[in-house]
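The structure under discussion appears below in the form of structure tokens.
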Amino acid sequence: MRSLNILLETAMIVPAVNQIEMHPHQAQPELLEFCKQHGIILTAYSPTGYSQVASDQKIVELAQKHGVTPAQISLAWHVARGTSAVPKSTNSERQKGNLFVRCTTLV
């Protein structure tokens with residue numbers, strides 16, 4: 001946030017997007033709130049959080065409960081928070097799965 005505060009002191013145009021590493025194990029709620037207050041959209045790189053998040057017991061349980069993958073749970077988490085995500089995969093089946101995200105997955 002410090003860098004954004006410095007930028008906002010002198011910027012004539014507020015940035016539209018701030019891309020950061022963000023996933024369920026690195027939620028960054030203070031930065032999310034700061035960006036919301038300033039109209040800046042947060043976009044996550046590494047939004048599914050590597051293998052540590054994919055193997056997190058709670059995420060695995062939610063995925064099983066809703067018949068989706070752990071990656072889809074993580075992506076739905078982003079959508080539910082109002083952030084965007086840039087998932088990366090070289091696997092075409094995972095790419096297709098990343099497109100099918102239901103916000104209701106978290107309910």
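The values are calculated or read from the model by the stated rules, or taken from the named source; none is laboratory data. None of the values given here were measured: they were computed from a predicted structure. In this analysis, Cβ positions are derived from the backbone assuming ideal geometry, glycine residues included, and neighbour counts consider all displayed protein chains. All accessible areas refer to the heavy atoms of the entire protein, side chains included, with ligands and DNA or RNA removed. Shrake-Rupley method; radii C 1.70, N 1.55, O 1.52, S 1.80 Å.
Can you send over the solvent-accessible area of residue 13, 1.4 Å probe, protein chains only, in Å² to the nearest 10?
140 Å²
Given the convex hull over the Cα atoms of the chain, what projected area results after averaging over all orientations, in nm²?
7.3 nm²
Can you give me the accessible area per residue for the chain, using a 1.4 Å probe, in Å²?
64 Å²
Roughly how many debye, to the nearest 20, is the charge dipole of the range 8-103 about its Cα centre, given +1 on each Lys and Arg Cβ, -1 on each Asp and Glu Cβ, and no other charges?
For the range 8-103, the charge dipole is close to 400 debye.
Just going by the charge dipole of the chain, with Lys and Arg at +1 and Asp and Glu at -1 on Cβ, which of 31, 90, 7 is farthest out on the positive end?
The residue sitting farthest along the positive end of the dipole is 90.
For n ≥ 4 DSSP H runs only, could you compute -39500 (n - 2.57) per run for the chain, divide by its residues and tell me the 222 nm figure to the nearest 500?
-14000 deg cm²/dmol
If ligands, DNA and RNA are left out, what is the accessible area of residue 61 with a 1.4 Å probe, given in Å² to the nearest 10?
The value for residue 61 is about 90 Å².
With all protein chains present, how much of the accessible area of the chain (probe radius 1.4 Å) comes from carbon and sulfur, to the nearest whole percent?
Details: 3800 of 6820 Å².
For the chain, the apolar C and S fraction of the accessible surface comes to 56 percent.
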